[in-house]
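See structure below.
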Amino acid sequence: MRILLLGGTGEARALAELLVAAGIDVVSSLAGRTADARLPAGEVRTGGFGGADGLAAWLRAHPVDAVIDATHPFAATMTAHAAAATRETAVPLLVLRRPGWTPGPHDNWHWADSPSAAADLLPTLGSRPFLTIGRQGLNAFAPTSATTGELGSAGRGLWMLARCVEAPEPRPAWCRLILARGPFAVADELVLLREHRIDVLVTKDSGGPATSAKLEAARQLRLPVVVIRRPPLPADLATVESVDQAVQWVIRPT
Ligand code: NAP
């Protein structure tokens, strides 16, 4: 059996390891954006396919028994392309999506549909936000909009700390940037929040334990949290929430 595993997440690496150990032929696909990406077990290919048509062409040229989309919950374009290309080529598709986070009873969470909606909320919630949304949505928080030249919603005197795995290009001058890759510990997140006198946390609803310590730290410090909602999954996709369930799907009796 041969599987194309769309990766770039810890779950994808864990799944590749289990499938390879079970004797299954796995080719993991990485977007190739991270310079020193942690490589999964098995074969690895890197770089985009060239849209849904490119992925369909790849599937015709490299026959596989199934595709597993274990990309990040916010990698919506790749998931849409996987859905379209597997439909076109009649290859079974499974989506592995870890569950999102849920607030505790005393949490002060504010949901936003996009980074710019999150930026709009900020001035009412605090003046020293900590942005933990990766580098792709950061521009929504810039003091001036790159497209309209207008004052950015969050650019009105807010001091901002941003954390990314790799620095955005160009490197933003309007925020203090720290480069770090999870997993993070609650004690370290508490130190960071206190040291920078953070009064509001901004996060995507990534889910999973590797980056959830910031939510516990915000809880302990009673900070408001702006949570950016996940993009919806395309309809009618076979979906599981855990690596073990994905393994079961692969080795299911036919
Ligand atoms: P995206 O917006 O959904 O995808 C943009 C394009 O990148 C896709 O159209 C595809 O190019 C290429 N691509 C994405 N994932 C790929 C993969 N696994 N293998 C080959 N090509 C891929 O994706 P993204 O949000 O930029 O994420 C890129 C990668 O980083 C993904 O592997 C994702 O799992 C990982 N990641 C994303 C986030 C996040 O917050 N978005 C966080 C952590 C890790 P073509 O159209 O040319 O095929």
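The set of residues in segment 1-33 that are more than 9 Å from the ligand (Cβ to nearest atom), small (Gly, Ala, Ser) and assigned to a loop (DSSP other than H, G, I, E, B) comprises 22, 23. Filtering segment 85-111 to residues that are surrounded by fewer than 19 Cβ atoms within 10 Å (Cβ to Cβ), of a type outside the set (Phe, Trp, Tyr) and within 29 Å of residue 177 (Cβ to Cβ) leaves 100, 103, 107, 108, 110.
Taking the conditions exactly as written (away from the ligand (no atom under 15 Å from the Cβ), under 15 Å from residue 227 (Cβ atoms) and of a type in the set (Gly, Ala, Ser)), does residue 137 satisfy them or not? In short, no. Out of segment 34-56, which residues are on the phi > 0 side of the Ramachandran plot and away from the ligand (no atom under 11 Å from the Cβ)? Matches in segment 34-56: 42 only.
Checked against (1) closer than 14 Å to residue 234 by Cα; (2) more than 15 Å from the ligand (Cβ to nearest atom); (3) in contact with a strand residue (DSSP E or B) (Cβ under 7 Å, 6 or more places away or on another chain), residue 79 passes all but a single condition, namely (2).
Please tell me if residue 131 is at pLDDT below 95, open to solvent by less than 40 Å² (accessible area, probe 1.4 Å), farther than 30 Å from residue 236 by Cβ and outside any loop (DSSP other than H, G, I, E, B). Judged against the criteria, residue 131 is not a match. In this entry, residue 99 passes the filter for residues that are of a type outside the set (A, V, I, L, M), within 17 Å of residue 215 (Cβ to Cβ) and in contact with a Gly (Cβ under 9 Å, 6 or more places away or on another chain). Candidates in segment 53-74 are the residues that are surrounded by fewer than 20 Cβ atoms within 10 Å (Cβ to Cβ) and farther than 20 Å from residue 2 by Cα; of these, the one that is farthest from the chain's Cα centre (by Cα) is 53.
Taken residue by residue, segment 34-52 has at least one member that is in contact (Cβ under 8 Å) with a residue 60 or more places away in the chain and either in a loop (DSSP other than H, G, I, E, B) or outside the structural domain of residue 137 (by TED's automatic domain parsing) (or both).
Across segment 120-175, the qualifying residues are those that are of a type in the set (Lys, Arg) and over 23 Å from residue 75 (Cβ atoms), and the one among them that is nearest to the chain's Cα centre (by Cα) is 171.
The values are calculated or read from the model by the stated rules, or taken from the named source; none is laboratory data. This is a predicted model, so every value here is computed, not measured. Glycine also receives a Cβ, built like all others from the backbone with ideal geometry; neighbour counts cover every protein chain displayed. These accessible areas exclude ligands, DNA and RNA; they are computed on the full protein's heavy atoms, side chains included. Shrake-Rupley method; radii C 1.70, N 1.55, O 1.52, S 1.80 Å.
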